[in-house]
Amino acid sequence: MNKLKIIGNPTILGDLDFLENFRFSNKRKFPISYKEYVKKYGYGKALGEWFVYIPMGNYGDSWCEQNPIFKERFEDILHWDEEIVDMVLEPDGCRELLKNAEPFGKSESGLYLFWDIYSQPIEEEFDIYMTDFSGLGVRKVATSIDELFDKMIDNNLFKEVEPLFRQEPYPAIFECMEKLYY
């Protein structure tokens, strides 16, 4: 698991029973790197601007609440004009990928992270894609959360993840957060 500097004290680790027992439509479990992330860091903001949503029941920032909202947004994209859809899915996306996407994270600047739950680049992991449905397109960025964060904080690799927008790597930090209501 990544060596992010933790700011604060991880106190909200989410619903660990849900984390271990949930199954996607294809009967696969959450990726190992995601489960490790949830157990180590919990609820908060990674790399200065990323929310990796963890299962927290019906709380607004829970994966259980955000995933369906993001999936609806992804579904809406598929109803755009065909040429526009094809353009925003380049270079690594396709309609089938978007239909099966399982979103799990979002940046403060509007970038989404999602899994292809039909991939298995390494055992018990999924390919991770990033999109903003505009200039970035859909890009395959990693095969695990560990690999993704390693790239995002590395001086030599961060451009592989965000070639257009980032001028420097992300800070290697995790800021713990508290729920605003219960």
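A few notes on this one:
- Meets criteria (within 17 Å of the chain's Cα centre (by Cα), under 22 Å from residue 170 (Cα atoms) and open to solvent by 40 Å² or more (accessible area, probe 1.4 Å)) for residue 99: no
- Among the criteria (1) closer than 28 Å to residue 150 by Cα; (2) touching a Phe, Trp or Tyr at 6+ places or on another chain (Cβ under 8 Å); (3) open to solvent by 10 Å² or more (accessible area, probe 1.4 Å), the one residue 26 does not fulfil is (1).
- Among the residues of region 29-56, just one is open to solvent by 30 Å² or more (accessible area, probe 1.4 Å), more than 19 Å from residue 120 (Cβ to Cβ) and either of a type in the set (A, V, I, L, M, F, W, C) or at pLDDT below 95 (or both), namely 51.
- One residue stands out in region 102-122 among those that are without any contact (Cβ under 8 Å) to a residue 60 or more places away in the chain and over 14 Å from the mean Cα position of the chain (by Cα): the one that is farthest from residue 33 (Cα to Cα), namely 119.
- When residues of region 133-157 are limited to those that are over 18 Å from residue 112 (Cβ atoms) and not β-branched (Val, Ile, Thr), the one most open to solvent (accessible area, probe 1.4 Å): 156
- Residues in region 116-132 that are open to solvent by less than 10 Å² (accessible area, probe 1.4 Å), aliphatic (A, V, I, L, M) and in a loop (DSSP other than H, G, I, E, B): 117 only.
- Within the set 6, 69, the sole residue that is surrounded by fewer than 18 Cβ atoms within 10 Å (Cβ to Cβ) and assigned to a helix (DSSP H, G or I) turns out to be 69.
- Criterion violated by residue 160 - all others in (1) acidic (Asp, Glu); (2) surrounded by 15 or more Cβ atoms within 10 Å (Cβ to Cβ); (3) touching a helix residue (DSSP H, G or I) at 6+ places or on another chain (Cβ under 7 Å) satisfied: (2)
The values are calculated or read from the model by the stated rules, or taken from the named source; none is laboratory data. Note that the coordinates shown come from a computational prediction; the quantities given were computed from them, not determined experimentally. Using ideal geometry, Cβ is built from the backbone for each residue, glycine included, and neighbour counts are taken over all protein chains shown. To get the accessible areas, we keep the full protein, side chains included, count just its heavy atoms, and leave off ligands, DNA and RNA. Shrake-Rupley method; radii C 1.70, N 1.55, O 1.52, S 1.80 Å.
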